[in-house]
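A.B. asks: The structure that follows is given in the form of structure tokens.
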Amino acid sequence: MIRLSHVTAGYPEKTVLENLSLELPEQGAVAIMAPSGFGKTTLLRVLAGLLKPLSGEITGLENKKISFLFQEDRLLPWLTAEKNVALVSDRAAAGRWLNEMEIDQGGLLPREMSGGMQRRVALARALAFGGDVLLLDEPFKGLDEGLRERIAMRVRDAFPLTVLSIHDAQEARLMNASILRLDALGKRD
């Protein structure tokens, strides 16, 4: 069990999460939902260890390998799709995950790809990294409904635990995820 106990986190100019306590399972999928500005991305950054809480405690993530799909694709513009994914794995894994994400042109540079293709390459990279926990920040943005369904089917069982930040309950259903309403757990500053 992953536990956040009385976690307060934010940035120098603003506290975003205040006295947040919650539990996440060891396995399955959890969709974090709330309107913009309620701290979904901040919560993912805290879980990833990229943002240290101002107070409180997080337990259950010790010795866990965490893979993170950021809200921005963060592809290296001078590397092809295949090389962007192979940065965290090898060519074979890169090819496999690009294929799973329906990218058959691994030799394209990011500037040669649509926004949806770039998103799928970034997702392939997160999947190729592997690990125990997959954190996804708006994983399906820029994808049409049919593609979103096919991609979700391939992502949902790839990691023991997947935590995703989304705005659409339909995306939670696609991932067979339980929904955690962040706005119901704490106040917005």
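A.B. asks: For Glu149, indicate whether it is touching a strand residue (DSSP E or B) at 6+ places or on another chain (Cβ under 9 Å) and among the acidic types (Asp, Glu).
C.D. replies: No.
A.B. asks: Shifting gears a bit: Tally time: how many residues in the stretch 123-141 are in contact with a Lys or Arg (Cβ under 7 Å, 6 or more places away or on another chain) and surrounded by 24 or more Cβ atoms within 10 Å (Cβ to Cβ)?
C.D. replies: Selection size over the stretch 123-141: 1.
A.B. asks: Further, regarding this structure: Can you name every residue in the stretch 145-157 that is assigned to a loop (DSSP other than H, G, I, E, B) and either crowded, with 17+ Cβ neighbours inside 10 Å or more than 15 Å from the chain's Cα centre (by Cα) (or both)? Please lay out each step first, then the result.
C.D. replies: Pass one, the stretch 145-157, residues assigned to a loop (DSSP other than H, G, I, E, B): 156-157.
Passing the criteria: only Arg156.
A.B. asks: Continuing with this model, one more query. For the stretch 61-75, which residues satisfy the criterion of being of a type in the set (A, V, I, L, M, F, W, C), within 17 Å of Leu51 (Cβ to Cβ) and over 11 Å from the mean Cα position of the chain (by Cα)? Even if it seems obvious, please write down each step before you answer.
C.D. replies: The first filter runs over the stretch 61-75 and keeps only residues of a type in the set (A, V, I, L, M, F, W, C), leaving 61, 66, 68-70, 75.
Then drop every residue that is not within 17 Å of Leu51 (Cβ to Cβ), which leaves 61, 66, 68-70.
Scanning the stretch 61-75 gives a single hit, Leu61.
A.B. asks: Checking Trp78 against (1) among the aromatic types (Phe, Trp, Tyr); (2) touching a residue at least 60 places away in the same chain (Cβ under 8 Å); (3) farther than 17 Å from Leu161 by Cα, which test does it fail?
C.D. replies: Result: Trp78 passes all but (2).
A.B. asks: Counting only residues that are outside any loop (DSSP other than H, G, I, E, B) and either at pLDDT below 95 or of a type in the set (Val, Ile, Thr) (or both), which one in the stretch 42-90 is surrounded by the fewest Cβ atoms within 10 Å (Cβ to Cβ)? So that I can check it myself, show each step before the final result.
C.D. replies: As a first pass, look at the stretch 42-90 and keep what is outside any loop (DSSP other than H, G, I, E, B): 42-48, 55-59, 66-69, 81-86.
Adding the requirement that they be either at pLDDT below 95 or of a type in the set (Val, Ile, Thr) (or both) leaves 42, 46, 58-59, 66, 85.
Numbers: Thr42: 23, Val46: 24, Ile58: 17, Thr59: 11, Ile66: 19, Val85: 31.
The qualifying residue surrounded by the fewest Cβ atoms within 10 Å (Cβ to Cβ) is Thr59.
A.B. asks: Sticking with this structure for a sec: Considering only the stretch 57-70, I want to know if a residue exists there that is over 30 Å from Asn19 (Cα atoms) and among the aromatic types (Phe, Trp, Tyr).
C.D. replies: Within the stretch 57-70, the first condition is being over 30 Å from Asn19 (Cα atoms), and the residues that meet it are none.
No, every residue in the stretch 57-70 fails to be over 30 Å from Asn19 (Cα atoms) and among the aromatic types (Phe, Trp, Tyr).
The values are calculated or read from the model by the stated rules, or taken from the named source; none is laboratory data. Everything quoted here is computed from the prediction, not taken from an experiment. Heads up, the Cβs are rebuilt from the backbone with ideal geometry, glycines too, and the neighbour counts pull from every protein chain shown.
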